[in-house]
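Structure first, then comments.
The values are calculated or read from the model by the stated rules, or taken from the named source; none is laboratory data. Note that the coordinates shown come from a computational prediction; the quantities given were computed from them, not determined experimentally. Neighbour counts are summed over all protein chains in view; Cβ atoms, including those assigned to glycine, are modelled from backbone coordinates with ideal geometry. Keep in mind that these areas ignore ligands, DNA and RNA; they rest on the heavy atoms of the full protein, side chains included. Shrake-Rupley method; radii C 1.70, N 1.55, O 1.52, S 1.80 Å.
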Amino acid sequence: MIQSQLRQSSSCAPKRALRWALLSVVAAQLVACSMFSSSKKPEPKPLEANVALFAASQVWTANVGSLGNIQLTPVVNGDAVTLATAAGNVVSLQASTGTELWRLKLDANILAGVGGDGTTFAVISNQNEVIAIREGKELWRYALPARSFTPPFVAGERVFVITADRALLALDADNGALIWDRPGSDGESLSLRESLLLTSVGNTLVAGFSGRVVGINPDTGSLRWESSVAIARGINDIERLVDIVGHYSRVGNNICVQAFQSAIGCVNASLGETTWTQRVNGAVGVGGDENFVYSVDVTGRMQAWDRISGTQQWLSDRLQYRDLTAPLQIGRAVAVGDAGGLLHLIERSDGTPLNRFQTNSSGIRVAPIYAGNTLIAVTNNGAVFGYRPD
């Protein structure tokens with residue numbers, strides 16, 4: 001089976017390369033222009049006076065170098081959080097103390113990272129390569145047939161990759177050998193320059209693109225199920241982009257996602273069925289817990305939805321037009337960063353403010369992280385801040 005898939009992949013490579021040459025890639029900034037009717041971006045809504053109802057203190061800071069133009073998703077393995085920068089730095093920090101565990105400077109710029117299972121880590125270079133790292137050293141490289149803006153997913157001694165033409169590949173984590181290659185979809189002229197959904201639920205690889213969440217057999221690349229979250233609509237290709245963005249919320253077999261600029265929804269990954277969807281024009285992904293799913297729309301309105309039924313629980317416009325990150329639930333709070341470098345803590349039950357902290361003026365575009373009993377914020381200039389409840 002694997003040998004036949006390898007032969008098929010090789011014969012399709014020239015066609016895929018040609019198709020990729022014709023495929024346009026849309027940057028997030030271009031798409032964002034279509035989200036506001038006015039050419040001038042609205043001013044951020046003034047903040048209320050900060051009343052610290054959730055006490056926390058900064059306990060450490062570190063620096064990994066300026067992030068640059070990278071699609072960064074930090075990976076957490078126990079008490080370690082690993083990050084990357086566009087300039088080629090891959091850095092692992094101890095989440096509880098901020099201590100640097102290892103650092104590697106690659107001789108290539110990085111487009112997307114980081115994937116990792118605690119042993120093998122992987123990033124995507126701007127030269128269309130998957131670069132694998134082990135014990136803080138480069139292990140191997142694999143040349144991709146198309147661009148990828150999604151951090152690899154590492155599990156089961158394999159490195160999984162989704163490319164911008166919506167193809168899926170599985171590589172051997174030890175040596176980078178191609179195990180299988182599932183071709184992408186035809187007939188889509190634009191691709192989102194953003195990280196797409198790529199994870200696992202049980203023994204199923206779960207990916208998202210073109211408004212669909214799909215379950216894939218990780219051993220063969222065959223389709224197990226497919227579930228729709230959004231249907232492409234609009235008068236042009238930009239408006240019809242509904243890829244499933246990378247930041248998601250999972251509780252057991254229930255996985256909730258954001259379809260770019262169209263909808264959020266939850267999928268039962270055991271049955272391969274969509275449980276509910278709601279129209280939300282957002283682009284950063286969702287957060288959640290066992291009760292709620294938290295979304296951010298393109299204007300910065302935050303909403304909470306019942307995880308089981310999809311009914312709206314609350315809506316807050318207090319942080320409108322602040323370019324918010326995806327939300328993260330931590331205890332009674334929902335944490336979200338903004339373009340001004342503020343880290344906001346919001347009451348999970350009703351959306352009221354609990355506290356906020358100033359990191360630096362370079363801004364936060366990566367969703368907050370929780371590891372080692374520490375809330376972590378990563379800023380654009382590479383400063384990393386660790387906070388802990390008092």
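Quick notes
- For the range 127-263, dividing the convex hull volume of the Cα atoms by the residue count gives 114 Å³ per residue.
- Rolled with a 1.4 Å probe across the full set of protein chains, the surface gives Tyr248 an accessible area near 80 Å².
- Solvent exposure, largest accessible area first (probe 1.4 Å, DNA, RNA and ligands not counted), of Glu273, Glu239: Glu273, Glu239
- Normalising by residue count, the range 228-358 has a Cα convex hull of 98 Å³ per residue.
- Overall, the accessible surface of the range 119-189 at a probe of 1.4 angstrom is composed of carbon and sulfur to the extent of 42 percent.
- Pair-distance distribution of the range 80-160: all C-alpha pairs, bin width 10 Å, starting at 0; shares per bin in whole percent are 20, 55, 22, 2, 0.
- Value of [θ]222 nm, deg cm²/dmol, for the chain, DSSP H segments ≥ 4, -39500 (n - 2.57) each, nearest 500: -2000 deg cm²/dmol
- Degrees separating the helix 2-22 axis from the principal Cα axis of the chain, which is the longest one: 70 degrees
- Cα-based radius of gyration of the range 294-355 once divided by 2.2 N^0.38 Å, which approximates compact folds: 1.02
- Distance between the range 300-348 and the range 90-147 - C-alpha centres, whole angstrom: 30 Å
- Altogether, the Stokes-Einstein calculation at 20 °C and 1.002 mPa s, with the Kirkwood radius of the chain over Cα pairs as Rh, returns a diffusion coefficient of 102 µm²/s.
- Temperature 37 °C, viscosity 0.692 mPa s: under these conditions the Stokes-Einstein estimate for the range 178-229, based on its Kirkwood radius over C-alpha pairs, is 273 µm² per second.
- Taking the convex hull of the alpha carbon positions in the range 70-127 and averaging its projected area over all directions gives 3.5 nm².
- Excluding ligands, DNA and RNA, the accessible surface per residue across the chain is 40 Å² with a 1.4 Å probe.
- Extending 7 Å from the Cα toward the beta-carbon at both Asn373 and Ile235 defines two label points whose distance is 5.7 nm.
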